[in-house]
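Undergrad: Please read through the structure below; I'll follow up with questions.
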Amino acid sequence: KLITGIAAGRRIYTNIKKAIQYIISIHIPIILTVSLPLFLGWMYPHIFTPVHVIFLELIMGPTCSIVYENEPMEKNTMLQKPRKMTDTFLNWKELSISLIQGLVITAGVLFAYQWAVQNGGDEATTRSIVFSTLIFANVFLSLVNRSFIYSMFDSFKNKNSLFPIIIGATLLLLFAILYIPPFASFFKVRGIGVQKLGVSALIAAVSVLWFEVYKWLRRMKNA
């Protein structure tokens, strides 16, 4: 019973930490995408309105509060040394990883913005591409951050039925917003072609999946 209690405690502690790191990482691009085009005087300064931010908050809430809470314990968790009483909840290395993840996603989203403008996108099209890029990045980030040690594909072996439900619902809502006229009008976006949607997904993947390489290098070093 003691070992079971310790295992449960470690799982809860790790999952809360993952949720907080995810929240830090995904809020950085939201804040900077709202503010930087305004401060830098870009062509469409109000690329995100409060409606977009509220929607993003609504999809991020379940991801961190429901999905990460239900994550099973990672392998080798019980082999780790006990934490020192003096350890902070998030050490500087963990915090800096989350900050870097957020800043790289921001760079990807702002690159998508400039790519859209350079390719003649009007405000609605540019907003659609930027919004799609951030949603795709959010999906990739939620998958990548299931483990800060093991690969995303290893994490798929950890059964968490809520993950496909939340990701499926997020993508369904994105497509509804883009392609159902009343929603598109409300969010001030417009349906974009497969190529532009593909570019958004690719930029999002590059801005998030680099972390898989970092984790791989870390595993090689520890091996």
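Undergrad: Answer with yes or no whether residue 172 is part of a helix (DSSP H, G or I), under 21 Å from residue 101 (Cβ atoms) and not acidic (Asp, Glu).
TA: Against the criterion (part of a helix (DSSP H, G or I), under 21 Å from residue 101 (Cβ atoms) and not acidic (Asp, Glu)), residue 172 does not qualify.
Undergrad: OK, next. In the stretch 37-70, how many are in contact (Cβ under 8 Å) with a residue 12 or more places away in the chain, open to solvent by 50 Å² or more (accessible area, probe 1.4 Å) and of a type outside the set (S, T, N, Q)?
TA: 4
Undergrad: Go through the stretch 142-162 and count every residue that is under 15 Å from residue 67 (Cα atoms), aliphatic (A, V, I, L, M) and open to solvent by 20 Å² or more (accessible area, probe 1.4 Å).
TA: Summing the residues that are under 15 Å from residue 67 (Cα atoms), aliphatic (A, V, I, L, M) and open to solvent by 20 Å² or more (accessible area, probe 1.4 Å) in the stretch 142-162 gives 2.
Undergrad: Taking the residues in the stretch 201-211 that are touching a helix residue (DSSP H, G or I) at 6+ places or on another chain (Cβ under 6 Å) and of a type outside the set (A, V, I, L, M) as candidates, determine which candidate is surrounded by the most Cβ atoms within 10 Å (Cβ to Cβ).
TA: Looking at residues that are touching a helix residue (DSSP H, G or I) at 6+ places or on another chain (Cβ under 6 Å) and of a type outside the set (A, V, I, L, M), I get 207.
Undergrad: Report, ordered by the first and then the second residue, all pairs with beta carbons closer than 7 Å, sequence separation of six or more or different chains, a first member in the stretch 146-167 that is in contact (Cβ under 8 Å) with a residue 24 or more places away in the chain and part of a helix (DSSP H, G or I), and a second member that is surrounded by 13 or more Cβ atoms within 10 Å (Cβ to Cβ) and among the aliphatic types (A, V, I, L, M).
TA: The qualifying pairs are 152/143; 152/144; 162/66; 162/67; 163/67; 166/67; 167/139.
Undergrad: For residues that are surrounded by 17 or more Cβ atoms within 10 Å (Cβ to Cβ) and assigned to a helix (DSSP H, G or I), tally how many sit in the stretch 184-200.
TA: So the answer is 6.
Undergrad: When you look at residue 175, is it in contact with a Leu (Cβ under 7 Å, 6 or more places away or on another chain) and open to solvent by 40 Å² or more (accessible area, probe 1.4 Å), yes or no?
TA: In short, no.
Undergrad: Condition first: assigned to a helix (DSSP H, G or I) and either crowded, with 24+ Cβ neighbours inside 10 Å or without any contact (Cβ under 8 Å) to a residue 40 or more places away in the chain (or both). Now tell me which residues in the stretch 115-126 satisfy that.
TA: Answer for the stretch 115-126, where residues must be assigned to a helix (DSSP H, G or I) and either crowded, with 24+ Cβ neighbours inside 10 Å or without any contact (Cβ under 8 Å) to a residue 40 or more places away in the chain (or both): 116, 118, 126.
Undergrad: Every residue in the stretch 83-102 that is at pLDDT 65 or above and open to solvent by 100 Å² or more (accessible area, probe 1.4 Å), please.
TA: Selection gives 84, 92, 93.
The values are calculated or read from the model by the stated rules, or taken from the named source; none is laboratory data. What you see is a predicted model, and the numbers here were worked out from it, not measured in a lab. Backbone-built Cβ (ideal geometry, glycine too); neighbour counts: all protein chains shown. Ligands, DNA and RNA are excluded from the accessible area calculation, which covers all protein heavy atoms including side chains. Shrake-Rupley method; radii C 1.70, N 1.55, O 1.52, S 1.80 Å.
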